[in-house]
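I have placed the structure first, in the form of structure tokens, so that the comments after it can refer back to it.
The values are calculated or read from the model by the stated rules, or taken from the named source; none is laboratory data. The structure displayed is predicted, hence computed values, not measured ones. As a convention, Cβ positions derive from the backbone with ideal geometry for all residues, glycine included, and neighbour counts pool all protein chains shown. The area values use the complete protein model at the heavy-atom level, side chains included, leaving out ligands, DNA and RNA. Shrake-Rupley method; radii C 1.70, N 1.55, O 1.52, S 1.80 Å.
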Amino acid sequence: SALPDQDEAKEFYAKYEPKEALGKGISSIVRRCVSKDTGQEYAVKIIDISGEKAEDFHADQTKRETIREINILKMCDGHPNIINLHDSFQTPTFIFLVFELCKQGELFDYLTQVVTLSEKRTRIIMKQLLEAVEFIHNKNIVHRDLKPENILLDDNLNIKLSDFGFATVLGPEEELTELCGTPGYLAPEVLAVSMYENVPGYRLEVDMWAIGVIMYTLLCGAPPFWHRKQMQMLRMIMEAKYSFGTPEWDDISQPPKDLISKLLVKEAKNRLTATQALQHPFFKRELKPEKQFY
Ligand code: ADP
Ligand code: MG
């Protein structure tokens with residue numbers, strides 16, 4: 001993909017040297033870049049708002065959505081498990097978001113390499129993910145696209161929650177009705193509101209459902225809701241129909257299964273919140289017996 005014109009994006013090019021692509025979306029590309037001042041590496045998300053790739057209406061929408069993304073990223077500043085927005089630039093045709101670089105890439109790719117995670121590794125990752133989500137939910141921010149592709153890993157394999165492209169701030173009584181996210185991670189109430197009339201909208205609980213899907217997938221290497229026909233898969237989600245039936249689950253202890261079963265709950269109001277999930281026995285360290293001296 002071509003880089004934005006030098007003249008137009010002078011400010012960005014004055015400070016950063018763009019390098020290879022790290023990821024790509026519909027109207028954006030993420031590249032590694034290096035600060036000309038400090039030599040420090042970053043990741044820059046370059047968002048096309050020119051309207052050349054889509055209609056003007058969509059370009060306007062992309063721009064508005066990107067400004068919302070920037071505002072939310074600024075609200076989330078300072079949490080160790082949320083991606084840090086270092087810098088941003090805007091031209092008539094592009095928006096540049098300069099993030100801290102996550103060299104180890106996506107949790108998705110890590111999982112593809114290792115297939116499944118141990119209970120211990122899952123506990124570390126889930127605790128960090130729940131702390132990041134507790135932090136944003138306390139600000140009434142709903143992420144709406146939690147999945148291993150949007151969870152990045154730093155050099156120490158600590159997670160950084162990223163891609164706030166669908167995130168939004170909820171008003172006190174506000175209920176959302178928009179269908180957005182990724183099919184396999186959609187909560188039953190998101191599907192319900194887009195399929196039926198006279199059903200309530202959704203709120204923060206949709207993120208907790210997605211966290212249940214993620215945790216299930218980390219432990220057994222396969223998603224809880226899957227069918228080669230997407231309609232069938234969506235039906236399984238709406239009925240919260242999943243099981244711990246595959247052989248991988250035989251060797252997995254009860255606490256993580258219990259936690260998943262309290263997240264993949266059809267009724268949003270009966271699902272654990274992030275704060276409640278962090279209190280679950282799965283995160284209580286078994287006290288190691290004192291070292292014996294002979
Ligand atoms: P999109 O809205 O297109 O999904 P993302 O913000 O999720 O955009 O970025 C797309 C991909 O680019 C990510 O899934 C990841 O592979 C890569 N990426 C994004 N931000 C970073 C970063 N800070 N460090 C390393 N890779 C990143
Ligand atoms: Mg993404």
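Here are the numbers:
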item	result
Only listed residue being touching a Cys at 6+ places or on another chain (Cβ under 8 Å) and open to solvent by 10 Å² or more (accessible area, probe 1.4 Å), chosen from Lys127, Lys139	Lys139
Matching entry among Phe108, Phe89, Phe99 (being more than 16 Å from ligand 2 (Cβ to nearest atom) and aromatic (Phe, Trp, Tyr))	Phe89
Where Phe166 falls short, out of the listed (1) in a helix (DSSP H, G or I); (2) open to solvent by 50 Å² or more (accessible area, probe 1.4 Å); (3) within 16 Å of ligand 1 (Cβ to nearest atom)	(1)
Test: residue in the range 206-221 that is within 16 Å of ligand 2 (Cβ to nearest atom) and touching a strand residue (DSSP E or B) at 6+ places or on another chain (Cβ under 8 Å)	yes
Checklist (1) on the phi < 0 side of the Ramachandran plot; (2) open to solvent by less than 40 Å² (accessible area, probe 1.4 Å) applied to Met195, failing item	(2)
Selection from the range 212-238 of residues that are in contact with a helix residue (DSSP H, G or I) (Cβ under 8 Å, 6 or more places away or on another chain) and without any contact (Cβ under 8 Å) to a residue 40 or more places away in the chain	Ala222, Pro223, His227
Cross-chain or 6+ apart pairs with Cβ under 7 Å, the range 57-85 first and more than 18 Å from Leu146 (Cβ to Cβ), then open to solvent by less than 60 Å² (accessible area, probe 1.4 Å) and away from ligand 1 (no atom under 15 Å from the Cβ)	Ala59/Ser50; Ala59/Gly51
Residue tally, condition surrounded by 13 or more Cβ atoms within 10 Å (Cβ to Cβ) and under 22 Å from Glu100 (Cβ atoms), over the range 22-38	10
Residue identified as surrounded by fewer than 16 Cβ atoms within 10 Å (Cβ to Cβ), more than 17 Å from Glu65 (Cβ to Cβ) and within 16 Å of ligand 2 (Cβ to nearest atom) among Pro148, Pro183, Pro200, Pro172	Pro183
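Okay, residues lined up against (1) at pLDDT 95 or above; (2) in a loop (DSSP other than H, G, I, E, B):
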{"residue": "Val206", "(1), (2)": "yes, no"}
{"residue": "Ala240", "(1), (2)": "yes, yes"}
{"residue": "Gly245", "(1), (2)": "yes, yes"}
{"residue": "Ala277", "(1), (2)": "yes, no"}
{"residue": "Gln292", "(1), (2)": "no, yes"}
